[in-house]
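In what follows, a structure is listed as C-alpha cells, so that the remarks can point back to it.
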Amino acid sequence: MNPATPRVAIAPPRGKLGVLTPGLGAVATTFMAGVESIRRGRSKPIGSLTQMATIRLGKRTEKRSPLIKEFVPLAGLDDLVFGAWDPIPDDALTAARKAGVLDARDLDPLADFLSAIKPMPAVFDNHYVTRINGSNVKSGKTKRDLAEQLRQDMREFKQAHGLDRLVVVWCASTEVFISAGPQHATIEAFEAAMDANDEAIAPSMLYAWAAIMEGVPFANGAPNLTVDMPALVQLATEKGVPISGKDFKTGQTWMKTVIAPGLKARMLGLRGWYSTNILGNRDGEVLDDPASFKTKEASKLSVLHTILQPDIYPDLYKEFSHVVRINYYPPRGDNKEGWDSIDIVGWMDYPMQIKVNFLCRDSILAAPLVLDLALFSDFAHRAGMKGIQEWLSFYYKSPMVAAGLQPEHDLFIQQTKLKNTLRHLMGEEQITHLGLEYYP
Ligand SMILES: NC(=O)c1ccc[n+]([C@@H]2O[C@H](COP(=O)([O-])OP(=O)(O)OC[C@H]3O[C@@H](n4cnc5c(N)ncnc54)[C@H](O)[C@@H]3O)[C@@H](O)[C@H]2O)c1
C-alpha cells in the first residue's frame, strides 16, 4: 500500500525549532531536562504521544500502524532549542534544583546543558501573580512597549540560535481571574487597552499578542484567559497562526475525563464528586491565593457538566454536587496527592462509591504535554492551520472552542479527534471502527 498524499501542502520541518516558555519553573525545566535526557539516550519519552504512540491507518487487515512521528512530518527532538522568560533570574539548572522534581542523579549529568538556559527578563506584574517576587523584569511605559520588547526577544533568540521557526508554550504561574470584557472583544479594542495600560490586559496576553504578531504558534498551559478571547483569536486567524489552550490536563482532571465518560457510557448516575488536592510546590503556593485559585477552579469545574450533559440526562446527572479544593501543603512538594470521592447511583437507585487516591507528580505528567504541544503546534503551522486548534483539546482541561460551541472534554473523543485530524491532513481515511465488510 503506497502512502497517501497529504490533503494540504505541509512544509517540511527543515532547520531548528525554538521552543520558548514564559515561565522557567517546575514544568518548563522538567520538560527541557527530559528532552535533553532523551536526546542523550538516558531516558525514554514516556507520556508523549508524538514520540511513542502509533496510529492505525486503513483497514485492520492492512496492518498499518506507524508511529505518529513517522506518519506526520514533525520536528525531531535533536532540532529543538530552548529559551524562556522568568522574573526569577535562576538558570534552568538552579530552577530545576529548587523545583525539586528531578533527582540529582538525573540533573547532574545535564548540568552543562541546563545551566546554559538563562531566562530573559519577563513581562511581570505582581498585580496578576501575587505570590512571586522577581528582579528579572522588563520595564516599559505602556503594555504595548512591553509586548514589543517580547517581540524583539523572539527575533533575537531566533537569530542568535540560527532557528528556522519558533513556538511559545505558556508554562508560567496562573494569573488572577479575569473574564473577557470589551477590551478583549476586537483587535482594535485590545491594542487600545495595551496603549492605555488597562488593568484587563494581563502579562500572559502580551506574550500571546507578541507571539501571534511574530507569526509564532502559542499554546497556553495555564487556565488564564490569555489567548482565549475574541481579539486574539481574530488576530491569530488573520495572521495564520495556530493557538490553543487552556490549562494542561494532567492529574486529577485527566482522571476525571477518563472516569466520567465511563459512568455515562454505562448510564450510571452521579450524586456528587468531591475532589481535593494536597500540593506543595510553587504552583501550589500561587494557587493558595484565592484570586489565582478562582482561575484554576473555573477550569477544573467545567469538565463534568459538559461530559455528563445533565440537560439531556436529568434522571442521572441533574444537580450533582461538584467540589474542588487545592490545599497548599509544603512537605509534599511537586508530588501532589489527589483525592476523589465519587458518589454514584445504579439500578433501582442504589448508591455506590468510588475512591481515587492519585499519588502523582505534577510536572512529570505535564512535561510530555509541553513537548507534544510544541511539536503539534509547529506542525499545524506548517500545514497552514490557523486560529483555535480544537484537535489539541486532548491536552487541556478547558479546551478552547469557536464562539458558541461547547468544548469536548471526553478524553477518548478528544483522542479520536486528534488522530482523525492527522489522518485527514495526511490524506488517509477516517477510522470508524465499523469493519463494513462484516455487515449485511
Ligand atoms: N504541572 C501540572 O500538572 C500543571 C497542570 C496544569 C497547569 N499547570 C500550570 O502550569 C504553570 C506552571 O506550573 P509550574 O509547576 O511549573 O509552576 P512554577 O511556579 O514552578 O513555575 C512558574 C514560573 O513562572 C514564572 N512566572 C510567573 N509569572 C511570569 C510571567 N509573567 N512571565 C514569565 N514567567 C513568569 C514564575 O516565576 C515561576 O518560575 C502554572 O500556571 C500551572 O498552574 C501545571
Cα convex hull of segment 324-420 - mean projected area over all directions, nm²: 9.6
Nearest-0.05 FRET efficiency for Trp347 and Lys239, computed from C-beta distance (R0 35 Å): 0.05
Cα→Cβ-extended label distance, 7 Å offset, between Tyr439 and Thr5, nm: 3.0
Cross-link partners of Lys138 among aspartates and glutamates (Cα-Cα below 13 Å; sequence separation of 8 or more within a chain): Asp86, Asp125, Glu148, Asp153
Set of aspartates and glutamates with alpha-carbon distance to Lys355 below 18 Å, sequence-local pairs under 8 removed: Glu337, Asp340, Asp343
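Mean Kyte-Doolittle hydropathy of -0.5 or higher plus an axial Cα length of 24 Å or more: which whole DSSP H helices in the chain meet both?
290-308, 362-382
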Residue among Ala104, Ala211, Ala96 with the largest mean-square fluctuation in a Gaussian network model of the chain, springs linking Cα atoms under 10 Å: Ala104
Radius 14 Å from Cβ of Gly100, net charge of other residues (Lys, Arg +1; Asp, Glu -1): 0
Antiparallel %, DSSP beta bridges [both residues in the chain], to 5: 45
Evaluated over segment 1-132, the Cα radius of gyration and Dmax, each in Å: 18.7, 59
Helix-only mean residue ellipticity at 222 nm for the chain, each DSSP H run of n ≥ 4 adding -39500 (n - 2.57), per residue, nearest 500: -11000 deg cm²/dmol
Cα centre as origin, Lys/Arg/Asp/Glu Cβ charges: the chain dipole, Debye: 1160
17 Å Cα-Cα reach of Lys294 towards aspartates and glutamates, excluding residues that sit fewer than 8 places from it in its own chain: Glu175, Asp228, Asp247, Asp283, Glu285
Cα extents of the chain along the three principal axes, largest first (Å): 65, 54, 51
Tensor-based shape of segment 235-342 (alpha-carbon gyration tensor, a/c under 1.5 rounded, otherwise prolate or oblate): oblate
Cα centroid separation, segment 275-301 to segment 141-198 (Å): 24
Separation between Cα centres of segment 335-375 and segment 21-75, rounded to whole Å: 23
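Taken together, the values in this text are just the output of simple stated rules run on the coordinates, not laboratory data. What you see is a predicted model; the values in this text were computed from it and never measured. Here Cβ is always computed from backbone atoms with ideal geometry, including for glycine, and neighbour counts include all displayed protein chains.
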